1. Which entry in [x] 34, 18, 12; [y] 24, 20, 15; [z] 30, 18, 13 is this structure's computed semi-axes √(5λ) of the Cα gyration tensor in Å?
2. Suppose each label sits 7 Å from its Cα in the direction of the beta carbon; what would the Leu159-Arg26 distance come out to in nanometres?
3. Counting Lys and Arg as +1 and Asp and Glu as -1, what is the net charge of the other residues whose Cβ lies under 10 Å from the Cβ of Asn104?
4. What is the extension gain from Leu74 to Ser122, computed as 0.36 nm multiplied by their sequence separation minus the C-alpha to C-alpha distance, in nm to one decimal?
5. What distance in nm lies between label points placed 7 Å from Cα along the C-beta direction at Val67 and Asn39?
6. Cβ neighbours within 10 Å, averaged per peptide: list 90-98, 125-133 in order, most packed at the top.
7. So if we plug the beta-carbon distance of Ile149 and Phe16 into 1/(1 + (r/R0)^6) with R0 = 25 Å, what FRET efficiency do we get, rounded to 0.05?
8. Give a residue-ordered list of calculated ³J(HN,Hα) values for the stretch 37-48 (Karplus: 6.51 cos²θ - 1.76 cosθ + 1.60, θ = phi - 60°; whole Hz; x for Gly, Pro).
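Read the figures in this text as sums done on the coordinates, not as results from a lab. Treat the numbers as computed from the prediction; the structure is a model and nothing was measured. Every residue, glycine among them, receives a Cβ derived from its backbone with ideal geometry; neighbour counts consider all protein chains shown.
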Amino acid sequence: MGEHAVQQVGGAYWIFRTSWVYSLRRPCFVTKVLDWAHNHETLRIVDDQISSPTWARTLAEGTAHIVFQAKSDLTAYIQSNTGLFHLTNNGFCSRYDWASSILNNMQDKSNCKVKHLEQAKSSEFSNAAARPLFSVLDLQKIKDQFYLIIPDWDVSLKLALNHL
């Protein structure tokens, strides 16, 4: 509804739609998996939710890159490039694959108790928010219009975990 409202007003705007955003500075799926890894021998993670894990730094750097292209007149640049754009890390995976990559790339494995990572279905868990099973976004428009080179989700995850 927010996207529609912005579009209805008109004028100059950028809407950046994203998915599965994480930052190690606040609670998110990545920090939960890291916490669970220190407290549980078995983790059950859904394998039927598919999307593109997106590091908050990817969003910040992509936005900065786009703003920098404006040079001196940001308003005119936004007006000439107004629109809705998808901005996520490249590629996609299931939450199960994402959790597996988190565990494989965590820096301090000395306190990791996980011995089993099990696949589960979304229907096995009660969740207050209804989550789509497939929410991968097409990045072609933002790549073409703003000449972005966007890293793969697993590359960004490794970088994020190296900053812990």
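1. Answer by label: [x].
2. 2.0 nm
3. Charge balance near Asn104 sits at +1.
4. Working: separation 48, 0.36 × 48 = 17.28 nm, distance 4.33 nm.
Roughly 12.9 nm would be gained on extension.
5. Placing both labels 7 Å along Cα→Cβ, they lie 3.6 nm apart.
6. Working: 90-98: 19.8, 125-133: 8.4.
Ranking, from highest mean packing down: 90-98, 125-133.
7. On the way: r = 16 Å, r/R0 = 0.65.
With a Förster radius of 25 Å, E is 0.95.
8. 4, 8, 10, 9, 7, 10, 10, 10, 10, 5, 10, 10
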